[in-house]
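*Asks:* The structure is given below, and queries will be raised subsequently.
Please treat every number below as a calculation from the coordinates, not as lab data. Just so it is clear, the structure is predicted and the values come from calculations on it, not from any experiment. Cβ sites come from the backbone with ideal geometry, for glycine too, and all protein chains shown count toward neighbours.
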Amino acid sequence: MSKAILTDVTKCIGCLECVSACNAEYDLPVDVPTVWQKNDGLSAKNWTSILRQQPEGRYVRIQCRHCLEPACAAACPVGALQRTAEGAVVYDENKCLGCRYCMMACPFGIPRYDWDRALPYVRKCTLCIDRIRDGREPACIAACPEDATIFGEREDLLVLAHQRIADHPDRYIDRVWGEHEFGGTGVLYLSDVDLEFLSYRPAMDIALPKTIEAAMQSVAPAFVGMGAFMLGLNWIIKRRQKLQGGHGSEEE
Amino acid sequence: MESLLEFARGPLFRLTFAIMLLGLARVFILDIWGLVEAYNRAGDKSIPWRLTLTRTLEWIFPVKRMLNHRPFYSLSAFLFHVGLILVPVFLFAHIQLWQAALGVGWSALPRNWADLLTLSTIIFGLAIWAGRIGSRRARAISRKQDYLWPLMLIVPFVSGYLCVNTSLSPAVYQTLMLTHILSAEIIFVLLPFTKIAHCVLMPLSQLIMTIAWKFPARVDEDVATTLGKKGAPV
Amino acid sequence: MNRVHVTKTILWMLVGLSTAVALTRYMFGLGATTNLTDATPWGLWIGFDVMAGVALASGGFVITAIVYIMRQERFRPIVRPAVLTAFLGYVAVILSLLVDLGLPWNIWHMMIYWNPHSPLFEIGWCVMLYTSVLLLEFSPVPLESTSRWARVRSVLMKLRFPLVLLGIMLSTLHQSSLGSLVLIMPFKLHPLWYSALLPILFFISAVALGLVMVSFEGLATSWLYRRKPETDLVARLCKAAAWVLGLYLVVRLGTISAAGQWALILDGSWESFLFVFELLVMAVIPMILFAIGRVRRAVSGQWIGCSLVVLGMVLNRINTGGLTMIGATGDFYFPSWMEFAVTAGILSFMALVFLSAVEHFHIWSEQPHEREADPHASPEFSRSGEVWLGSPPVAARTRYSFAFVMALAVGVALMPGERIRSSGVSQVSAQAARGGDTLFIDGNRDGFGVAFDHPRHVSANGDKASCVLCHHMNAPLDKQSGCTTCHRRMYQMADAFQHDWHASPKGASIACVICHEEGVYRTAGSALPCDACHRDLVPPGVTIEVKSYRAPSYVDAMHDLCVSCHRRKTLELTDRPDHAQCRTCHETPLPDYLQPDMADLLRRPGYNHVVLPAVVKGSN
């Protein structure tokens, strides 16, 4: 079972109730209001925010996508980021050493850092994993007055999303964002406008951990191979030097 | 003017105060280092704790000299130091500044005590300066900085006293305040590199005096070598 | 002062400055020292110190491979400096990491929490192990000066071949894995740098750089200590480097061909120019220089060629490690002076350790004559000739500690203590509202605001008597001063009180004691409140208290002003339950009676996303 969020961009009215609910749930300090910020509004104090898309002026809520194969979890050298059985990508601040490789590796640029603090941690949406385990839905979902963002099993939501597209083909672009992007994400989007701007470059359908798989698998062979090659080289050169009669001194 | 004051109170103060603290730490460490080297060279390995302590105390409380040798000068010097140390550290206004910057404060001198000590520092500072000028024997062993320092040290006291105790027009007040801050900052900078460094080197100097004068065995040969007169008759 | 003295004094100053910056970083966090942002979480300390630093320290494994594996005895004189440089290089990398990591005291977590899928995990382990190996490889040198450790030394000498072999194997892994590090970012890294063969490219270039770095270091120290340079050995190393650089070029251009990216090189973007420049400096020009025998054997030719390779390789690592990601992230990053200071300080510290080791141990075949290490040198005097500076070691430590302390104090004075790079919103100044009777209130001029229906607010609140409800600041000769008069910044408090003007004889000419009580420290808090003098400052019927001379930010002021009133109205008007919600102002359709010119204003290009879309479209 894998939980997911479906956000319907056509229904969102940009009221920011989800953002306040998130801030209240995690007792986050008040940040500059999202709509006044020049960047995407996410910060160590804001784990979800609403982007104002241009030129149509749609509201697009962004947060951690909870990828099925998260790049951040593959990148973290100490495994501080893990994908749980519920489908949430969660962060363990007790393991973290602060290398910020997860922030580099995230294709959506989601993880944020406590730049202002002497004791900094990575901050991002947790999918309200504790609430899910209590059988409740995430705080942002509960707060949405328009049901623009809903929560459920990923398979069910995908079915529902395709159903909505089939019911209103004129209202939606025939694509569920998050179904295949970067190996599939736990946050799905329905939209009547293009959402390519949500990732750095046009989204790819490969799971990012696959990109380093080959290199990491060849680590052990390269290690042994280089050792054997060096030993062989040494043996050949030693033998050649012996045959030539000259011999390098072992000791200076 | 306001911005100049802000600069003097802010970055310039941080710079000069840091130079003072770090500079004093530096001379202290260098002195200890030299002391250890001197100790390793010394033939006699005993450490004269008692002698150092008594000599240091004698310098701080010059009771003996006060009684039989230039009593007024010695008393002035002692009283000068009392105000010099207490007023800057325990003045209410200064503590407020520390409280605002670092969040730590400590109890302050009562206002009238602070005023009294400030005046006494100014008066005794002038007195020891006069004492140095007035005595031929003192003049003989004085350097330029010895004349300069007593006057230099009372400048922030005078300007600070005037700032606090008089009703002045803003322009004069700000000029005096700037004088107060800048003169104190000049003192901070010069402090670790001049004789005022004795504020941290005080007991060490006495210890070095006693240890360094114990010559190691066969030191005469080293001296001869350094002077390039090895083997020459003394 | 000779070359060594000047160099060491400068190095000590840099160490002092970087110590102050490091203190700032640990006290106030990375935001107070670096220009890093969420979009650019890796900067100079990773791109240069770690990525380029590890590559620059590759001389150790290359030279030990040449001497111990390939048994080229003529290179033995440069093994010791090469291994020492490599060791110090890795220590520098670790020190940089201790500054850059957010939680550096957790660096050992890599030993207990494993994630073998992560390239960084592998690099971390290799760097830890290889640094230990280098320490063991080098430690026979300092140990040879005492007979007490002879037994340990002989064991280490026996272990040398396996240590060298292990060092080469570990280096192969992490030099290449630094390339794997960015493989996970195909969405960010420019395609001219992104290649599945990055690990191999990184390894080959590390070998070339290793050969060059050893040469470079020999040239630099021979200049510093006026030693005879090892011109013949350097020429041989340069020749080998030419071959490796050629191999690198073939593989690099091969990947470009295989990916069909030749068009990208010619597309005229800044990345394409950077790519050509990088390739010329790091490989093409030095390869040609080193291929010419006459150039290779001349000291000046060696200097130029080696410098080019070093600069080019550093550029390559920086480009791969973040610079060419700017195109995707759109976040321009340039390191702060403090980042440069830390980098310079760590390198200076390592250089000082190197110079000290060279003066005290048998690193080169002939030890440089350095008077500071010689207690019997003739005495030094100050420039005036009056003061003896002490014996050479004493004079040296006096000089260097002075340089260190002064630089440290300057660093302390320059500590900012707060975030140095804001996200660009806090400094936006507010602007007065524009419009006729309906005001378009758009403080930060982003075309995003509220259409405020002024006539309706006037009539609903009691006509002229209601002005003061909002316009509480009645400046002289002005009964309706704009909110921005005092609330000048969008998000920051601003000074509404001009102290200088009040105190100046040319202004209000008020003596201090009028506002500040005597005997109390003079602060804004202890001064009289503004309305003690300006008695009509707060008109009757208004609930605002003016105590501080700090005006709240524009956003806070506007929100407080509107929202508090709306809240009251919500209780009074039972038919408007949502009156205090954001949507009431930021989302309601334009009312019918709004003038047409206001609607025109909102439809202008700059205001295309004003918050009142539905009726504006319909009202035309």
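*Asks:* When the helices in chain A are scored as -39500 (n - 2.57) per DSSP H run of 4 or longer and the sum is shared across all residues, what 222 nm value do you end up with, to the nearest 500 deg cm²/dmol? Walk me through the numbers before you get to the answer.
*Replies:* Details: 8 runs with 77 residues, N = 252.
Rounded to the nearest 500, the figure is -9000 deg cm²/dmol.
*Asks:* In nm, to one decimal, how far is the C:Met111 label point from the B:Trp33 one, both placed 7 Å along Cα→Cβ?
*Replies:* Distance between label points: 3.3 nm.
*Asks:* Kirkwood Rh, Cα Rg: Rg to Rh for region A:1-113? Let's see the in-between values first.
*Replies:* Values: Rg = 14.9 Å, Rh = 15.3 Å.
A ratio of 0.97.
*Asks:* For every other residue with a beta carbon closer than 12 angstrom to the beta carbon of B:Glu37, add +1 if it is Lys or Arg and -1 if Asp or Glu, then tell me the sum. List each step's numbers first, then the result.
*Replies:* Working: positive: B:Arg41, C:Arg397; negative: B:Asp31.
So the environment of B:Glu37 carries a net charge of +1.
*Asks:* What FRET efficiency, computed as 1/(1 + (r/R0)^6) with R0 = 25 Å and r the Cβ-Cβ distance, is obtained for B:Ile60 and B:Ala100, rounded to the nearest 0.05? Intermediate results must be reported in sequence, preceding the final value.
*Replies:* Working: r = 33 Å, r/R0 = 1.33.
That pair, B:Ile60 with B:Ala100, gives E of 0.15.
*Asks:* Let me ask you something else. Per-residue HN-Hα couplings for region A:42-49, Karplus 6.51 cos²θ - 1.76 cosθ + 1.60 at θ = phi - 60°, whole Hz, x for Gly and Pro?
*Replies:* 3J(HN,Hα) across region A:42-49, in whole Hz: 7, 7, 4, 9, 10, 8, 9, 8.
*Asks:* Based on the inverse mean of 1/r over its pairs of different Cα atoms, what is the Kirkwood hydrodynamic radius of region C:102-142, in Å? It would help to have the intermediate numbers written out before the result.
*Replies:* Details: mean 1/r = 0.0860 Å⁻¹.
Hydrodynamic radius (Kirkwood, Cα only) of region C:102-142 equals 11.6 Å.
*Asks:* Taking the mean number of other Cβ atoms within 10 Å as a proxy for protection, how do you rank B:70-82, C:561-573 from highest to lowest? Provide the component values of the computation, followed by the final result.
*Replies:* Details: B:70-82: 17.1, C:561-573: 13.7.
Highest to lowest by the protection proxy: B:70-82, C:561-573.
*Asks:* From the cross-link list A:Lys11/C:Lys188; B:Lys144/C:Lys8; B:Lys144/B:Lys195; A:Lys242/C:Lys158; A:Lys124/C:Lys188, which pairs have alpha carbons spaced over 23 Å apart?
*Replies:* On the way: A:Lys11/C:Lys188 31 Å; B:Lys144/C:Lys8 33 Å; B:Lys144/B:Lys195 11 Å; A:Lys242/C:Lys158 21 Å; A:Lys124/C:Lys188 20 Å.
From A:Lys11/C:Lys188; B:Lys144/C:Lys8; B:Lys144/B:Lys195; A:Lys242/C:Lys158; A:Lys124/C:Lys188, over 23 Å: A:Lys11/C:Lys188; B:Lys144/C:Lys8.
*Asks:* Right, something else. How would you order A:55-61, C:148-154, C:323-329, C:406-412 from highest to lowest mean count of nearby Cβ atoms within 10 Å? List each step's numbers first, then the result.
*Replies:* On the way: A:55-61: 16.4, C:148-154: 12.3, C:323-329: 19.0, C:406-412: 22.4.
Final packing ranking: C:406-412, C:323-329, A:55-61, C:148-154.
*Asks:* Count, for each residue of A:225-231, the Cβ atoms from other chains sitting within 10 Å of its Cβ, then give me the mean as a whole number.
*Replies:* Values: counts 2, 10, 5, 1, 4, 9, 3.
Per residue, the average neighbour count from other chains is 5.
*Asks:* Which GluC sites (Glu not before Pro) in region A:104-169 pass both tests, a DSSP loop state and at most 14 other beta-carbon atoms within 10 Å? Don't skip to the end; give the middle numbers.
*Replies:* On the way: sites: A:Glu146, A:Glu153, A:Glu155; in loops: A:Glu146.
Here the sparse-neighbourhood loop sites are A:Glu146.
*Asks:* Got a sec? Charge dipole of region C:170-241, +1 on Cβ for Lys and Arg, -1 for Asp and Glu; which of C:Tyr194, C:Ser222, C:Val212 is way out at the positive end?
*Replies:* C:Ser222
*Asks:* Among bridges DSSP assigns within region A:3-210, what percent are antiparallel (round to 5)?
*Replies:* Once the DSSP bridges in region A:3-210 are tallied, antiparallel ones form about 80 percent.
*Asks:* So, R0 is 35 Å and r is the distance between the beta-carbons of B:Ala108 and C:Asp495; what FRET efficiency does that work out to, to 0.05?
*Replies:* On the way: r = 29 Å, r/R0 = 0.83.
After rounding to 0.05, the efficiency reads 0.75.
*Asks:* Here's a follow-up. Calculate, in nm to one decimal, what A:Ile236 and A:Ser20 gain on full extension: separation in residues at 0.36 nm each, minus their alpha carbon distance. Show your work: numbers first, answer last.
*Replies:* Details: separation 216, 0.36 × 216 = 77.76 nm, distance 7.14 nm.
Using 0.36 nm per residue and subtracting the Cα-Cα distance, I get 70.6 nm.
*Asks:* At 7 Å along Cα-to-Cβ for each site, give me the label-to-label distance between C:Ala196 and B:Val200 in nm.
*Replies:* 6.3
*Asks:* Right, next: Could the peptides C:211-224, C:91-104 be put in order, highest first, of the mean number of other beta-carbon atoms found within 10 Å of their residues?
*Replies:* Details: C:211-224: 22.6, C:91-104: 20.0.
Final packing ranking: C:211-224, C:91-104.
*Asks:* Looking at region C:255-364, which chymotrypsin sites (Phe, Trp or Tyr not before Pro) are in a loop (DSSP not H, G, I, E or B) and have at most 10 other Cβ atoms within 10 Å? Working shown, then result.
*Replies:* Details: sites: C:Trp262, C:Trp270, C:Phe273, C:Phe275, C:Phe277, C:Phe290, C:Trp303, C:Phe332, C:Tyr333, C:Trp337, C:Phe340, C:Phe349, C:Phe354, C:Phe361, C:Trp364; in loops: C:Phe332, C:Tyr333, C:Phe361, C:Trp364.
Filter output for region C:255-364: C:Phe332.
*Asks:* In whole Hz, what ³J(HN,Hα) sequence does region A:137-149 give by Karplus (6.51, -1.76, 1.60; θ = phi - 60°), x for Gly and Pro?
*Replies:* 8, x, 4, 5, 5, 4, 7, 5, x, 10, 6, 6, 10
*Asks:* Inside 10 Å of the C-beta atoms of C:25-35, what's the mean count of C-beta atoms belonging to other chains? Working shown, then result.
*Replies:* Details: counts 1, 1, 1, 3, 8, 9, 7, 4, 1, 1, 0.
Across C:25-35, the average partner-chain Cβ count within 10 Å equals 3.
*Asks:* On to the next question. Report, by chain and number, residues whose modeled amide H sits under 5 Å from the one on A:Thr149, excluding near sequence neighbours (fewer than 5 apart, same chain).
*Replies:* Distant-sequence amide H within range of A:Thr149: A:Asp8.
*Asks:* For every other residue with a beta carbon closer than 10 angstrom to the beta carbon of C:Leu44, add +1 if it is Lys or Arg and -1 if Asp or Glu, then tell me the sum. Could you put the intermediate results ahead of the total?
*Replies:* Details: positive: none; negative: C:Asp49, C:Asp100, C:Glu339.
Cβ neighbours under 10 Å give a net charge of -3.
*Asks:* Note down the nm distance, to one decimal, between modelled labels 7 Å out along Cα→Cβ at C:Arg550 and at B:Lys144.
*Replies:* Going by the 7 Å Cα→Cβ label model, 4.8 nm.
*Asks:* Once the Cα gyration tensor of chain A is diagonalised, what are the square roots of 5 times its eigenvalues, in whole Å and ordered largest first, as equivalent ellipsoid semi-axes?
*Replies:* Details: eigenvalues 457, 94, 54 Å².
Working from the Cα gyration tensor, I get semi-axes of 48, 22, 16 Å.
*Asks:* For C:Trp262 and A:Ala85, FRET efficiency with R0 = 60 Å and r from the beta-carbon atoms, rounded to 0.05?
*Replies:* Working: r = 47 Å, r/R0 = 0.79.
After rounding to 0.05, the efficiency reads 0.80.
*Asks:* Inside 10 Å of the C-beta atoms of C:117-126, what's the mean count of C-beta atoms belonging to other chains? Kindly include the intermediate steps, with their values, before the conclusion.
*Replies:* Details: counts 11, 14, 8, 9, 7, 5, 1, 4, 1, 2.
What the average comes to for C:117-126 is 6.
*Asks:* Here is a follow-up. Round to the nearest 10 and give me the degree value, 0 to 90, for the angle of helix A:219-243's Cα axis relative to the longest principal axis of chain A.
*Replies:* Result, in degrees: 20.
*Asks:* Can you tally the net charge around B:Ala197? Count Lys and Arg as +1, Asp and Glu as -1, for every other residue whose Cβ sits under 12 Å from the Cβ of B:Ala197.
*Replies:* Working: positive: B:Arg26, B:Lys195; negative: B:Asp31.
So the environment of B:Ala197 carries a net charge of +1.
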